[in-house]
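The values are calculated or read from the model by the stated rules, or taken from the named source; none is laboratory data. Here the structure is a predicted model, which means the values were calculated and not measured. Remember, those area values only see protein heavy atoms, side chains included, never the ligands or the DNA or RNA. Shrake-Rupley method; radii C 1.70, N 1.55, O 1.52, S 1.80 Å.
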Amino acid sequence: MDTTPLPTVTAPPYICDHIPKQAVERMTGLHNPLTQGYFNLSGSEGYGYGSCMIYEPAGEKWKVMEVKLIPMAPERDVDEEVRLGAKRLPRIVADADGYYFPIENSKGSDHEGYTAAQAVLVREKAQLIIILIRGPQGRDPGADAVALMKLIGPELIIAAAPPSPSPAKKG
């Protein structure tokens with residue numbers, strides 16, 4: 001198993017056009033995973049959106065990971081999530097906040113024996129959500145979710161919640 005940290009700089013090849021394949025392969029322990037989805041970073045009214053699902057390349061075709069970009073999402077209270085036990089994400093984008101947490105896979109479930117985590121980055125009403133459903137044993141799923149958020153978060157969250165235009169100066 002590969003316990004190498006995720007890359008700190010994005011580089012091709014990408015899955016769903018924006019997620020470094022190497023990072024996904026390390027997080028999931030899979031080589032050449034199947035993917036489905038896309039991101040539209042210049043969507044309607046200037047708000048980016050999309051999702052990318054990652055599946056095992058053979059066999060049962062289990063979904064192992066999902067990344068979702070939601071521009072007009074219901075508000076999430078990051079402080080409340082942290083109060084309830086999540087850990088705060090490090091600063092990724094100046095006007096964004098977020099949290100992450102490992103997920104316990106219950107005994108007897110289809111995911112028993114795998115690691116899991118979720119990370120959420122919030123900017124205005126936009127959310128970028130990374131859900132690692134089935135990661136390999138021996139990796140830190142929370143650290144992987146944070147590292148992937150650092151890689152893809154700045155580009156995607158800004159596309160989903162572009163800065164408001166500044167008011168024209170009177171002069």
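Report the gain in length on full extension from Asp79 to Asp2: 0.36 nm times residue separation, minus Cα-Cα distance, nm rounded to one decimal.
Extending this stretch completely gives an extra 24.3 nm.
The Stokes-Einstein estimate for the chain, based on a Kirkwood radius over Cα pairs and taken at 10 °C with 1.306 mPa s viscosity, is a diffusion coefficient of 96 µm²/s.
Averaged per residue, what accessible area in Å² does region 19-160 show with a 1.4 Å probe, protein chains only?
Details: 6800 Å² over 142 residues.
Normalised by residue count, the accessible surface of region 19-160 is 48 Å².
Pairs of Lys residues in region 19-160 are counted when their Cα atoms are under 24 angstrom apart and they lie 8 or more places apart or on different chains; the count is 13. Pick out which of Gln127, Gln137, Gln118 has the largest mean-square fluctuation in a Gaussian network model of the chain, springs linking Cα atoms closer than 10 Å. Top of the fluctuation ranking is Gln137.
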